[in-house]
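Please treat every number below as a calculation from the coordinates, not as lab data. Note that this is a predicted model, so its numbers are computed, not measured. When we count neighbours, we look across all protein chains shown, and the Cβ atoms used for this are built from the backbone with ideal geometry, even at glycine.
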């Protein structure tokens, strides 16, 4: 029987997050003091989950960034 690795999200140097590596299980709980990056982590997770839909929406409206972070941020 082949088992797959649990999904994970790693983030470095983003807002208050210096080095985060979370492997998700059946139930993953994010806890910590205020202003330590819990919300930023969850917002980033949502962006990762919605990535394909976001790309499709941009394409549908004729917006292409060609992998350029600067072009995306300028938009």
Helix 51-60 versus the longest principal axis of the chain: what angle, 0 to 90°, nearest 10, using Cα atoms? 10 degrees
Sites residue 21 and residue 54, calculated FRET efficiency, Cβ-Cβ separation with R0 22 Å, nearest 0.05: 0.40
How do 36, 44 line up, fewest other C-beta atoms within 10 Å first? 36, 44
Among 50, 74, which comes first, second and so on when ranked by fewest other beta-carbon atoms within 10 Å? 74, 50
Over 18 Å apart: what share of the alpha carbon pairs of region 8-74 falls there, rounded to a whole percent? 51 percent
Residue 64 to residue 8: extension gain in nm, 0.36 nm per residue of separation minus the Cα-Cα distance? 17.4 nm
